[in-house]
Amino acid sequence: MKRYNPTEIEKKWQDKWEADGTYVTNLSDTTRPKYYSLSMLPGITGAGIHIGHGRTFQFADIKARLKRQQGYNVYHPIGWDSFGLPVENYAIKVGKTPRVAHDEAKAHFIAQLKRLGFSYDWSKEISTADPEYYKWTQWIFTQLYKHDLAYQKEQPQWWCDTDNTVLANEQVEGGKCWRCGNPVTKRNLKQWFFRITAYADEILEATDDLDWTDMVKTMQKNWIGRSVGAEVDFVVNGQDAIITVFTTRPDTLFGASYVALAPEHSLVSQLVNADTRAKVEAYVQAAQQKSDVERQENKDKTGVFTGSYVINPVNGQKLPIWVADYVLSGYGTGAVMAVPAHDERDFAFAEKFDLPIVQVVDKPEDSADVGCYTGEGELINSGQFDGTRSEDAREQIVAWLEQQGSGRGKTTYKMRDWLISRQRYWGAPIPMVHVDGFEPIAVADECLPVILPEVENFKPTGGNTSVLAQVDDWVRVWVDVETGKTVPITEPKPAGDNWREGRRETDTLDGYACSSWYFLRYLDPHNDAEAWNPERIGHWMPVDYYNGADHAVAHLLYSRFWMRFFHKLGLVPTPEPFKRMMYNAYIMAPDGQKMSKSKGNVIDPMEIMDSGYGADALRVYEMFIAPYDMDAPWDPRGVPGTYRFLNRVWNVVQEFLAAPSSSRVHSSLESPQEITRERSAGASATREPSTASVGGGDAATLLRLTHSTIKKVTRDIEDEKFNTAVAAMMEMVNGLYKFKESHGMQASETWRFTLESLLQILAPFAPHITEELWRELGHADTIHVNHWPKWDEKYLVSDVMTIIVQVNGKLRSRLELPADIDRQGVEETALADANVQKFTNNKPPKKMVYVPGKLLNVVI
Ligand code: ANZ
């Protein structure tokens, strides 16, 4: 019998698939239903992928394979997130240019992905650092600029001293840089932003309806952080100044006992007096050393009184104005009205500084809150609003304030505009030109791309610009201030009044910009006249299945923002890019820790495949290891286990091929090989045999097992329950071996149907072995296209029956019994049943009356 040798067959089929273009998609074919399955664009790093990444890629591959086998026109592309910090930092580490370091690392990536047998359409590969690609990233930038969604602003920005660049809010995690983990500081800089906040409401409102992993949806909503409330104006006592606060609880306005300003608030300096000035200034300075996170987490509240007061618009009360660092300058108005009785931070502050605590919302008697009550209730101590429910009072008090001209309804967001410029070399140049006395000028479409110049030394200097600022011939440029057309400075100045000397923008785009639209370019990757053809992508968008294990906030928010923008321009058919988005959990190292190079616990898929187990055994274990959303430690015994399973699949098919043919079925044929020849000449679909082929009830057992497994695996892949799909196939194979032991193996139609179905449902998980065996069974075409078995419910009807048991004519019990149980079996089970025994008291029955399949009456 031939032995299973993955090393031999896997390479063979990978080459054959490539030669045949098995996974190449005809994007213009709109006659079949489409399925667009995508893994998040891989970022290139030196180390290549480990088995955790491999698993993440595999989810979208399996979904693609299922649909391809089901007859869909499936698109499963691959490409590279080539620009950005990770690649540039890697290049610095290995002492090569980013381009060279990237290309070398990419070659290793490709080798890994190909060995793993992913069904990518390699003919449409893209890279975000190719000029043909970033030309269109730049074009999108100019479109955003022309629609007032890209702008420049000077303000304090997050700055990472290690990576020498500014960072977006989304790239600062707990006060630390997302890449290097070092604490960030702030620098005052003029930077480019995308106005994502203009889309905050739209994006937020569409989030609930998305068919996405809940955790990701929640993270998106929290990041946008919409708060509905009001702004209230407090007049400063004795000054011509107003302090506006943002509050989500205007219903508590009568309970305000002080107002607190962020240390950075612009009014602070004018509220101090000779006595307080020095103390306040010292406090403000100290606060600037702390990060927002520290300021918010700090339990011990700090603050200082300014010496001034405001007037509460609802009751004319004088309230002291404090400066406190728990109030953040970047949120709301940077000022709060403090209500210690109903807000915990204000409560802690009031206790510490001995400020009044006035309860204005009655707390329910059963409330467990001590000191401060943050829930809803009836208003008290609130003048004309006493007795009103706090939920209703919010609206009424805002209406009253609006009438008085001292407040208004207001919605705020935690999300800030998207900071997109970077002071680093390795990115798409921002396609803008500066000319004194003019607004920044967008480079004309026909002058794109603005090519990233080659430089000797690309390393960041730590200054406020990228090294591009030193490439004088590139920075200086002739520009038509009207049209944005550009001509190199080394050429003569063109004739005409509009031509000036300008300076190119020297910041580059953050990598996140490049990866916010790649799923559109995939659909039209070689188009050099436009970013994509709207008609063509009209058929293919949205992405049907999107998978990743990272970027739950930034990448998905940015992509949704751009997609909505394109939708408004009429360039895409839907406002949302990803129909179904799944976020998978991590594979941990065998020691239970996160896999990382620094911990030395990374497992390279190549190692496992090279040791002779092959890609299929690895792939099957990657899915079997755990549910997709549960972190799981890698078990070194896992792959040997799935390898044994695949061996059993291999061997049972070999036995079938060697088995004597069942004369009843194929009386005219000699051997399975001949059956095979007949089949491959005809229809490729597996014919369903009649129950008679292996003989009555025996065949029914095989068919039931097969149909129920087809159903389970189909449903499980649809629901991303990949691990239980594998378990079901393992059970099926165990069942086949048991059946074989008791009934023997025959080259029957039933066995053929069973084994071919098994190969078909296993194919997405183990594409190589299934292809090999499928061909051995005589098929001339690939198993991976148009071959998914259908189950027939008729084989799944339950084979149990319900028998009603009476004692002396009264219903006492119901028994679920196998349909083929005989009368004696029914009687014995009934007499042993606890409910029955309660009434028979173990006395032997006088007689028993049995209505077959329905009822047993025990007479005592
Ligand atoms: C009075 C009040 C009474 C508040 C009460 C809460 C409870 P979210 O939900 O996160 O939007 N706040 C406003 N601006 C702030 C800032 N810049 N820094 C720190 N805190 C700020 O929170 C809104 C609430 O946080 C606002 O409502 C305000 O306190 C505070 F019983 O106003 B509240």
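The values are calculated or read from the model by the stated rules, or taken from the named source; none is laboratory data. These figures come from a predicted structure and were not determined experimentally. As a convention, Cβ positions derive from the backbone with ideal geometry for all residues, glycine included, and neighbour counts pool all protein chains shown. Accessible surface areas use protein heavy atoms only, side chains included; no ligands, DNA or RNA. Shrake-Rupley method; radii C 1.70, N 1.55, O 1.52, S 1.80 Å.
Could you please let me know if Leu379 is more than 9 Å from the ligand (Cβ to nearest atom), closer than 24 Å to Leu271 by Cα and modelled with pLDDT of 95 or more? In short, no. Give region 491-521 a look and list any residue that's free of Cβ contacts under 8 Å to residues at least 40 places away in the same chain and among the small types (Gly, Ala, Ser), or say none. Correct list: Ala495, Gly496.
If only residues of region 321-333 that are more than 7 Å from the ligand (Cβ to nearest atom) and open to solvent by less than 20 Å² (accessible area, probe 1.4 Å) are counted, the one that is nearest to the chain's Cα centre (by Cα) is Asp325. Among the residues of region 285-299, the one identified as open to solvent by 30 Å² or more (accessible area, probe 1.4 Å) and either in contact with a helix residue (DSSP H, G or I) (Cβ under 8 Å, 6 or more places away or on another chain) or modelled with pLDDT of 95 or more (or both) is Lys299. In region 764-773, is there at least one residue being assigned to a loop (DSSP other than H, G, I, E, B), open to solvent by 10 Å² or more (accessible area, probe 1.4 Å) and touching a helix residue (DSSP H, G or I) at 6+ places or on another chain (Cβ under 9 Å)? So far as region 764-773 goes, no, none of its residues is assigned to a loop (DSSP other than H, G, I, E, B), open to solvent by 10 Å² or more (accessible area, probe 1.4 Å) and touching a helix residue (DSSP H, G or I) at 6+ places or on another chain (Cβ under 9 Å).
Conditions tested, residue by residue: (1) open to solvent by less than 20 Å² (accessible area, probe 1.4 Å); (2) within 22 Å of Trp426 (Cβ to Cβ); (3) at pLDDT 95 or above; (4) out of contact with any strand residue (DSSP E or B) (no Cβ under 8 Å at 6 or more places or on another chain).
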{"position": "Trp474", "(1), (2), (3), (4)": "no, yes, yes, no"}
{"position": "Lys493", "(1), (2), (3), (4)": "no, no, yes, no"}
{"position": "Asp497", "(1), (2), (3), (4)": "no, no, no, yes"}
{"position": "Arg504", "(1), (2), (3), (4)": "no, yes, yes, no"}
{"position": "Cys514", "(1), (2), (3), (4)": "yes, yes, yes, no"}
{"position": "Leu520", "(1), (2), (3), (4)": "yes, no, yes, yes"}
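Quick grid of which residues meet (1) closer than 28 Å to Arg536 by Cβ; (2) aliphatic (A, V, I, L, M):
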residue: Lys63; (1), (2): yes, no
residue: Gln69; (1), (2): yes, no
residue: Tyr72; (1), (2): yes, no
residue: Pro98; (1), (2): no, no
residue: Glu104; (1), (2): no, no
residue: Gln112; (1), (2): no, no
residue: Gly117; (1), (2): no, no
residue: Trp122; (1), (2): yes, no
residue: Ile126; (1), (2): yes, yes
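Of the residues making up region 200-223, those that are open to solvent by less than 10 Å² (accessible area, probe 1.4 Å) and in contact with a Phe, Trp or Tyr (Cβ under 6 Å, 6 or more places away or on another chain) are Ala200, Val216.
Hey, Asp346 hits all of (1) part of a loop (DSSP other than H, G, I, E, B); (2) within 11 Å of the ligand (Cβ to nearest atom); (3) buried (at least 22 other Cβ atoms within 10 Å of the Cβ); (4) of a type in the set (D, E, K, R) but one; which does it fall short on? Among (1) part of a loop (DSSP other than H, G, I, E, B); (2) within 11 Å of the ligand (Cβ to nearest atom); (3) buried (at least 22 other Cβ atoms within 10 Å of the Cβ); (4) of a type in the set (D, E, K, R), Asp346 violates only (1).
Taking region 171-270 and the strands (runs of 3 or more DSSP E) fully enclosed by it, the elements with 1 or more residues that are charged (D, E, K, R) and closer than 30 Å to Ala286 by Cα are at 185-194, 226-236.
In contact (Cβ under 8 Å) with a residue 60 or more places away in the chain and at negative phi, is that true of Val433? Answer is yes for this residue. Being more than 27 Å from the chain's Cα centre (by Cα), without any contact (Cβ under 8 Å) to a residue 40 or more places away in the chain and either more than 16 Å from the ligand (Cβ to nearest atom) or within 30 Å of Glu720 (Cβ to Cβ) (or both) is a property that Gln270 has.
Residues that are open to solvent by less than 80 Å² (accessible area, probe 1.4 Å) and either touching a Lys or Arg at 6+ places or on another chain (Cβ under 8 Å) or under 11 Å from Ser813 (Cβ atoms) (or both) within region 841-854 comprise just one, Tyr850.
Let's see how each residue does on (1) open to solvent by less than 10 Å² (accessible area, probe 1.4 Å); (2) within 20 Å of Cys514 (Cα to Cα):
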{"site": "Thr7", "(1), (2)": "no, no"}
{"site": "Asn26", "(1), (2)": "no, no"}
{"site": "Gly43", "(1), (2)": "no, yes"}
{"site": "Lys67", "(1), (2)": "no, no"}
{"site": "Glu88", "(1), (2)": "yes, yes"}
{"site": "Lys96", "(1), (2)": "no, no"}
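Annotation note: Cβ proximity below 6 Å between a residue of region 309-334 that is touching a residue at least 24 places away in the same chain (Cβ under 8 Å) and a residue that is surrounded by fewer than 21 Cβ atoms within 10 Å (Cβ to Cβ) and among the acidic types (Asp, Glu) (sequence gap 6+ or interchain) occurs for Leu328/Asp292; Ser329/Glu264. Scanning region 795-830 for residues that are under 57 Å from the mean Cα position of the chain (by Cα) and in a helix (DSSP H, G or I), we see that the one that is surrounded by the most Cβ atoms within 10 Å (Cβ to Cβ) is Ala830. Within region 300-317, identify whether any single residue is within 16 Å of Phe347 (Cα to Cα), within 14 Å of the ligand (Cβ to nearest atom), open to solvent by less than 10 Å² (accessible area, probe 1.4 Å) and within 44 Å of the chain's Cα centre (by Cα), and answer yes or no. Checked region 300-317: no residue is within 16 Å of Phe347 (Cα to Cα), within 14 Å of the ligand (Cβ to nearest atom), open to solvent by less than 10 Å² (accessible area, probe 1.4 Å) and within 44 Å of the chain's Cα centre (by Cα). When the residues of region 371-406 are filtered to those that are hydrophobic (A, V, I, L, M, F, W, C) and without any contact (Cβ under 8 Å) to a residue 40 or more places away in the chain, the one that is farthest from Gly316 (Cα to Cα) is Cys372.
For every residue, the table says whether it meets (1) open to solvent by 30 Å² or more (accessible area, probe 1.4 Å); (2) of a type in the set (Val, Ile, Thr).
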residue	(1), (2)
Tyr413	yes, no
Asp417	no, no
Trp426	no, no
Pro429	no, no
Val435	no, yes
Phe438	yes, no
Glu446	yes, no
Trp478	yes, no
Glu482	yes, no
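Within region 158-170, the set of residues being among the acidic types (Asp, Glu) and outside any loop (DSSP other than H, G, I, E, B) comprises Glu170 only. Flag set for Pro250, criterion: in contact (Cβ under 8 Å) with a residue 60 or more places away in the chain and more than 27 Å from Gly175 (Cβ to Cβ). Reported count of residues in region 572-612, each being open to solvent by less than 70 Å² (accessible area, probe 1.4 Å) and either in contact with a helix residue (DSSP H, G or I) (Cβ under 8 Å, 6 or more places away or on another chain) or not in a loop (DSSP other than H, G, I, E, B) (or both), is 23. Flag: Glu231 does not match the condition of being among the charged types (D, E, K, R), within 16 Å of the ligand (Cβ to nearest atom) and more than 15 Å from Thr411 (Cβ to Cβ). Looking across region 245-261, the residues that are buried (at least 24 other Cβ atoms within 10 Å of the Cβ) and near the ligand (Cβ under 6 Å from one of its atoms) come down to Thr247, Thr252.
When Val360, Val336 are screened for being under 22 Å from Gln270 (Cβ atoms) and within 9 Å of the ligand (Cβ to nearest atom), only Val336 passes.
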